[in-house]
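Trainee: Okay, handing you the structure first.
The values are calculated or read from the model by the stated rules, or taken from the named source; none is laboratory data. All figures in this text were calculated on a predicted structure; none of them were measured in a lab. Positions of Cβ are backbone-derived with ideal geometry, glycine not excepted, and every protein chain shown enters the neighbour counts. For accessibility, only protein heavy atoms count, side chains too; no ligands or nucleic acids. Shrake-Rupley method; radii C 1.70, N 1.55, O 1.52, S 1.80 Å.
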Amino acid sequence: MHRLDKSNLPRHLAVIMDGNGRWAKQQMLKRIVGHQKGVETVRLIVEECSKLEIGYLTLFAFSAENWLRPKTEVKALMALLKKFVRSELDRMMNNNIRFNVIGNRAELPADIDGEIGAAIEQTAGNTGMVLTLALSYGGRQEIAGAARKIAQEVAAGTISPDEIDETTFPRYLYTATMPEPDFLIRTSGEMRISNFLLWQLAYTELYFSEVNWPDFDKKELYKAFRHYQSRERRFGKTSDQLRAGMLPG
Ligand code: FPP
C-alpha cells in the first residue's frame with residue numbers, strides 16, 4: 001500500500017453519503033440510528049479533509065427527493081442537521097472552515113434555516129476548507145433554476161442570449177464561486193449520480209466504495225484518494241498531448 005501524495009489531492013471533493021439505512025438494518029437497528037452514526041462519519045471525514053488541506057468538501061446531506069421519505073425519518077434527519085450545525089460551529093471556527101449550503105433553502109424549516117444562516121455568517125471570514133452541505137438539493141432543479149434566472153435577465157434586457165455559453169451559464173448555479181469537483185465518492189456500492197451536481201460533474205473522476213457511509217473511515221478515504229492519484233485526467237485530450245504539455249518549453 002503506497003503512501004498518499006499530498007501534492008496530488010482533489011481540490012474539490014464531492015461525496016454522496018449512502019447506506020445509512022442498510023447499515024442500520026444489518027445491525028438490526030432503526031434507520032435513524034444509521035443516520036446518527038452517519039453524522040459521526042461526517043465529523044471524521046470533515047476533520048481528515050481539513051487536515052489534508054482539501055479546498056472544498058461538498059456533502060450530499062438531503063436531496064430534493066428525500067422529502068418523500070416517511071415523515072418521521074425526514075423529521076429525524078432535520079433534527080440531526082440542526083444539532084450538527086450547532087455543535088460543529090466551534091469546531092469549524094477552530095479549524096478555519098467556511099460553512100456553505102447549496103440547495104433550495106426556502107424549503108427547509110425556518111429554525112434550521114436560521115441556524116444555517118448564522119453558521120454561514122460566523123464562518124464567512126474563515127480561509128481554510130469550504131464545507132458545503134447540499135440540502136434540499138437537486139441537480140435538475142438547480143439547472144432549471146439557472147435557466148429561469150437567465151431568462152429573466154434576458155427579458156429585463158440585462159444580458160443578451162449571445163452571451164450564454166458553457167462559461168457564463170455556471171455563474172447562475174449554486175456553485176458559482178466554487179471550482180468543479182475533481183473527485184466524487186459514493187458509498188454503499190450504488191453506482192448512480194442521483195441528481196447530484198449534474199452540470200458540475202462533467203469531468204469529475206468517479207469512485208464507488210462498497211462500504212456503507214457509517215463504516216467509511218480514514219482508511220477508506222485514503223484508499224479512495226490513492227485511486228484518484230492513479231487516474232489520468234485527460235479532459236478530452238489524448239495521453240500524448242498531456243505528456244507533451246508537461247514538457248518544458
Ligand atoms: C443515505 O442513507 C443518506 C442520507 C439520506 C443522507 C445523509 C445523511 C447523513 C449522513 C446524516 C445527516 C447529515 C448531516 C450533515 C447532519 P440512506 O438512508 O439512503 O441509506 P440506504 O440507501 O441504505 O437506505
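Trainee: Per residue, what accessible area does the chain have, given a 1.4 Å probe and all protein chains present, in Å²?
Mentor: Values: 13650 Å² over 249 residues.
Per-residue value: 55 Å².
Trainee: Calculate what fraction, in whole %, of the accessible area of region 55-103 sits on carbon and sulfur atoms when a 1.4 Å probe is rolled over the protein chains.
Mentor: Roughly 53 percent of what the probe reaches on region 55-103 is carbon or sulfur.
Trainee: Follow-up question, since we're still on this one. In percent, what relative contact order does the chain have, based on Cα pairs under 8 Å that are 6 or more apart in sequence?
Mentor: 28 percent
Trainee: Right, here's the next one. What FRET efficiency comes out for TYR203 versus GLU153 if R0 is 35 angstrom and r is the Cβ-Cβ distance? Round to the nearest 0.05.
Mentor: Once the sixth-power term is evaluated, E becomes 0.80.
Trainee: Would you give the gap between the C-alpha center of region 1-44 and the C-alpha center of region 57-128, rounded to a whole Å?
Mentor: A separation of 17 Å, based on Cα centres.
Trainee: Something else: On a full-extension model of 0.36 nm per residue, what is the gain between SER7 and LYS71, subtracting their alpha-carbon distance, rounded to one decimal in nm?
Mentor: Result: 18.6 nm gained on full extension.
Trainee: Note the full-extension length gain between GLU190 and GLU47 as 0.36 nm times their separation in residues minus their Cα-Cα distance, in nm to one decimal.
Mentor: This chain segment gains 49.0 nm when fully extended.
Trainee: Over region 38-149, calculate the relative contact order: mean separation of alpha carbon pairs under 8 Å at least 6 apart, over the residue count, as a percent.
Mentor: In percent, rounded to a whole number, it is 41.
Trainee: Taking the alpha-carbon distance from LYS30 and a cut-off under 20 Å, which aspartates and glutamates remain once sequence neighbours fewer than 8 residues away in the same chain are dropped?
Mentor: ASP18, GLU40, GLU73, ASP215
Trainee: Also: Carbon and sulfur atoms: what percent of the 1.4 Å accessible area of region 147-249 do they account for?
Mentor: Ligands and nucleic acids excluded, carbon and sulfur reach 53 percent.
Trainee: Picking from ALA64, THR127, ASN95, whose Cα lies most toward the positive end of the charge dipole for region 45-157 (charges on Cβ: Lys, Arg +1; Asp, Glu -1)?
Mentor: Selected residue: ALA64.
Trainee: I would also like to ask the following. To one decimal place, what Kirkwood hydrodynamic radius in Å is obtained for region 154-249 from all pairs of distinct Cα atoms?
Mentor: Hydrodynamic radius (Kirkwood, Cα pairs) of region 154-249 is 16.6 Å.
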